[in-house]
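The values are calculated or read from the model by the stated rules, or taken from the named source; none is laboratory data. No experiment lies behind these values; they were computed from the predicted model shown. For neighbour counting, all protein chains shown are included, and Cβ atoms are generated from backbone atoms with ideal geometry for every residue, glycine included.
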Amino acid sequence: MSQAGDFLVEIGTEELPPKALRTLMTAFGDSLEAAVDEARLGHGPVHAFASPRRLAVLIESLDRGQDNRKTAQKGPPVTIAFDADGNITAAGKAFAKKCGVAVSTLGRTKTDKGEWLSCDIVETGKTTAELMPELITGALGALPIPRRMRWGAGGAEFVRPIHWIVLLHGSGVIKASIMGIKTGNKSRGHRFHTDKPVTVKKPADYLQTLEDSGHVIADFDKRRELVRKGVESEAKKAGGNVVDGESLYDEVTALVEWPVPLAGSFDDEFLLLPREVVISTLTSHQRYFPVADKDGDLLPRFITVANLDSEDPDQVRAGNERVVRPRLADAAFFWESDRRKTLAARQDALREVVYQRGLGSLYDKSARTAALAESIAAALGADAGTVARAAALAKSDLLTGMVGEFPELQGTMGRYYAMSDGEPQSVADAIAEQYLPRFSGDGLPTSTAGQILAVADKIDTLAGIFVIGKKPSGNRDPFGLRRAAVGLVRILIECELDLDLKMVLRTAVEAQPKGKAEVDEHCAALYTFVTDRLRRYFLDNDEDLATETFDAVLARSPASLVDFERRLRAVQAFTKLEPASSLAAANKRIANILKQAGVQHSAAVKEKLLSEPAELALWSALGSAKEAVSPMLEDRAYTSALTTLSELREPVDAFFDDVMVMVDNEATKNNRLALLGELRALFLDVADISRLSI
């Protein structure tokens, strides 16, 4: 093939969803790179770019085509390809035809299983120009787009209508039609700064050409950095610092092609609103950046990022200020009017709001959660009264005007309204913490009541959705159950709530309306669902943890996740001990022996039937070990227990070296099986170490 050249594809669209733009950009680049690798095209680094109206991928030094490939084809056995007289059969002729060669040129391959006809086929490599349109179509089809749309009379589907496609290899255009759009070298610039097509002469010039001729910064990361620096600079000029800018930088970057940060202001009186209300008004509704002073107090200023270089920036600033004032005024109205009615007075109205078909109203949900939270509080020795009161009021703020306008403030506004109603601080704090953690990496509830309420709310949600048969399947999780389970795992472990999870799951399931399956089935499915998240939680947070170590503990199904973690750390420490490998192998051997012998429940060992020195020594060692580890197990000192049990290696090894278990004498055999059962049970008190691969 001829010399490699840089490759560029740009998909020009209507404005893409801002919250998904970075994900779409990365997925397009990754998917196309994987497709190129699969197609055996050599290449250099791959770069993905995106702006509100485009997705692009630039591949450095992409080969002009595939190399020819020789593949060996295996045909029918010689005994089938030729008859007894040595004449070619229909099977032999068919194979020669498939290979496109004469029968006389077919080869033969000998193996241990016989002799076969064979031939070498040379597959002619395709050119990059032939391959790329199909690879691009496949990569676009694989993008994580929940809902695709159609446009015009064609049948193409994409996240937004496509208007142009640039497709270059070196300085030449790859002429093709992708999703009904003909390719070329004409891109488009900024909607307001340019009105002519932008010609891209070669891939290496792509970014600079768009910036110089199109007033578009297509490099997402470069544009994001310009947004960040510009916003922070404007905030500093305004006398403060940006509030939580990271939560908005990606989204704002996805909204602009030519970022121009500007500072604006609003009336001081709006600072009397709860801090979260002002921030949500600015960020969620307008994508403005709030500004706070060095003490963290909000200033009546904000930073907006315009998508054009205006000749009159003051007019742009004034326009943004005109937009934000009525938004803040609405929030002030909700704040005043909502407080005229207490949360308790709103409880009864929750009966009229359907929570989920088959699970009753929000009032029913609140009642179930309150009862479950009370039982959890009792089990943990916490203040059940505080928890029950918080749970009863927890959903009332959903009926307020403020939460109706700002759904992201549910719980947060409940706290403010509870305090306004004169509820105890502990109740108000628990209401605010009930939804934590809301997302990966989010903070956890800090109050005990908040932790219990969050656990109860999540478990009731999980139990209810499972009971009505709508648990997640594949990538679909419309009720956010995976997120709820991860949050549950984090709270129980990181807040050290030593709770019998199985018992609580059963209590929650029994409180739900009757489901199609039995309670036991729902409980088992829920425990599995939660422990699947638990597996990821531990494996993602500890790169040294082996899957087999987790499975060794999971086999014992600990009821408490706090207990689960202690066992896990103990087994992890055990694997580093020198005797661990031998004892894990011995446990595996014992498990197999007991299984083959059909032993399910270990019988008592009869000491008078022990005769061999090795089995007597093992029996004695087991007695000492059991006495030593019993208090350790009671105190959950699992690491110490396994360290003590590791001292059994020598008597265990000696037993297997010197003693035959499956002897003809039935009493002796059963007694030795009982001895092995005692040994295995001792380790099973912590974990099933037979599952370890050491």
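Okay, here's what the table says:
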{"read-out": "Residues satisfying the stated conditions in region 334-365, i.e. among the hydroxyl-bearing types (Ser, Thr, Tyr) and assigned to a helix (DSSP H, G or I)", "value": "337, 363"}
{"read-out": "Those residues of region 175-195 which are part of a strand (DSSP E or B) and β-branched (Val, Ile, Thr), in sequence order", "value": "178, 181, 183"}
{"read-out": "Pairs with Cβ under 7 Å, 6+ apart, first in region 123-137 and free of Cβ contacts under 8 Å to residues at least 60 places away in the same chain, second of a type in the set (Lys, Arg) and crowded, with 16+ Cβ neighbours inside 10 Å", "value": "none"}
{"read-out": "Filtered residues of region 629-643 (kept if surrounded by 16 or more Cβ atoms within 10 Å (Cβ to Cβ) and either part of a helix (DSSP H, G or I) or in contact with a Leu (Cβ under 7 Å, 6 or more places away or on another chain) (or both))", "value": "629, 632, 638, 639, 640, 641, 642, 643"}
{"read-out": "Test: residue in region 496-506 that is in a loop (DSSP other than H, G, I, E, B) and more than 23 Å from residue 452 (Cα to Cα)", "value": "no"}
{"read-out": "Listing of helices (runs of 4 or more DSSP H) fully contained in region 366-475 that carry 3 or more residues being more than 24 Å from residue 495 (Cα to Cα)", "value": "401-405, 412-420, 448-467"}
{"read-out": "Residue ranges of helices (runs of 4 or more DSSP H) in region 75-172 with at least 2 members within 51 Å of the chain's Cα centre (by Cα) and farther than 24 Å from residue 31 by Cα", "value": "90-99"}
{"read-out": "Residue under evaluation residue 198, criteria (1) free of Cβ contacts under 8 Å to residues at least 60 places away in the same chain; (2) over 19 Å from residue 48 (Cβ atoms); (3) β-branched (Val, Ile, Thr); (4) part of a helix (DSSP H, G or I), criterion not met", "value": "(4)"}
{"read-out": "Set 226, 210: member being without any contact (Cβ under 8 Å) to a residue 24 or more places away in the chain and either farther than 17 Å from residue 165 by Cα or in the same structural domain as residue 55 (by TED's automatic domain parsing) (or both)", "value": "210"}
{"read-out": "Among the residues listed as 35, 56, 81, 39, the single one being at pLDDT 90 or above, in contact with a Phe, Trp or Tyr (Cβ under 8 Å, 6 or more places away or on another chain) and hydrophobic (A, V, I, L, M, F, W, C)", "value": "56"}
{"read-out": "Which numbered condition residue 188 misses (of (1) more than 30 Å from residue 83 (Cβ to Cβ); (2) touching a Leu at 6+ places or on another chain (Cβ under 7 Å))", "value": "(2)"}
{"read-out": "Unmet requirement for residue 386, which otherwise passes all of (1) crowded, with 20+ Cβ neighbours inside 10 Å; (2) over 20 Å from residue 499 (Cβ atoms)", "value": "(2)"}
{"read-out": "Region 245-277, residues that are under 28 Å from the mean Cα position of the chain (by Cα), more than 12 Å from residue 290 (Cβ to Cβ) and surrounded by fewer than 21 Cβ atoms within 10 Å (Cβ to Cβ)", "value": "246, 249, 250, 251, 255"}
{"read-out": "Verdict on residue 398 being under 21 Å from residue 285 (Cα atoms) and in contact with a Lys or Arg (Cβ under 9 Å, 6 or more places away or on another chain)", "value": "yes"}
{"read-out": "Residue list for region 65-100, restricted to those being within 30 Å of residue 131 (Cβ to Cβ) and β-branched (Val, Ile, Thr)", "value": "71"}
{"read-out": "Pick from region 312-337, criterion farther than 15 Å from residue 301 by Cβ and touching a strand residue (DSSP E or B) at 6+ places or on another chain (Cβ under 7 Å), ranking: surrounded by the most Cβ atoms within 10 Å (Cβ to Cβ)", "value": "316"}
{"read-out": "Filtered residues of region 570-587 (kept if surrounded by 17 or more Cβ atoms within 10 Å (Cβ to Cβ) and part of a helix (DSSP H, G or I))", "value": "570, 571, 572, 574, 580, 582, 583, 584, 585, 586, 587"}
{"read-out": "Lone qualifier among 399, 362, 393, 343 - being more than 31 Å from the chain's Cα centre (by Cα), more than 16 Å from residue 433 (Cβ to Cβ) and at pLDDT 95 or above", "value": "399"}
{"read-out": "Lone unmet requirement of (1) under 17 Å from residue 635 (Cα atoms); (2) assigned to a loop (DSSP other than H, G, I, E, B) for residue 557", "value": "(1)"}
{"read-out": "Any pair with Cβ under 6 angstrom, 6 or more apart, that starts in region 629-657 at a residue that is at negative phi and ends at one that is part of a loop (DSSP other than H, G, I, E, B)", "value": "633/685; 638/686; 641/686; 642/686; 646/577; 646/579; 649/579"}
{"read-out": "So residue 79, is it touching a residue at least 12 places away in the same chain (Cβ under 8 Å) and surrounded by 15 or more Cβ atoms within 10 Å (Cβ to Cβ)", "value": "no"}
{"read-out": "Selected residue (only one of 120, 112 is touching a strand residue (DSSP E or B) at 6+ places or on another chain (Cβ under 9 Å), over 26 Å from residue 43 (Cβ atoms) and not hydrophobic (A, V, I, L, M, F, W, C))", "value": "120"}
{"read-out": "Count of residues meeting criterion [aliphatic (A, V, I, L, M) and under 37 Å from the mean Cα position of the chain (by Cα)] in region 178-206", "value": "4"}
{"read-out": "Residues of region 314-344 satisfying the condition of being in contact (Cβ under 8 Å) with a residue 24 or more places away in the chain and either of a type in the set (Val, Ile, Thr) or over 18 Å from residue 266 (Cβ atoms) (or both)", "value": "316, 323, 324, 337, 338, 339, 342, 343, 344"}
{"read-out": "Which numbered condition residue 655 fails, given (1) closer than 26 Å to residue 543 by Cβ; (2) touching a helix residue (DSSP H, G or I) at 6+ places or on another chain (Cβ under 9 Å)", "value": "(1)"}
{"read-out": "Residue 647 vs. criteria charged (D, E, K, R) and over 21 Å from residue 669 (Cβ atoms)", "value": "yes"}
{"read-out": "Residue match in region 460-477 (condition: in the same structural domain as residue 525 (by TED's automatic domain parsing), surrounded by 24 or more Cβ atoms within 10 Å (Cβ to Cβ), modelled with pLDDT of 95 or more and in contact with an Asp or Glu (Cβ under 7 Å, 6 or more places away or on another chain))", "value": "no"}
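Let's see how each residue does on (1) at pLDDT 95 or above; (2) under 41 Å from the mean Cα position of the chain (by Cα):
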residue	(1), (2)
632	yes, yes
641	yes, yes
667	no, no
672	no, no
676	no, no
679	no, yes
682	no, yes
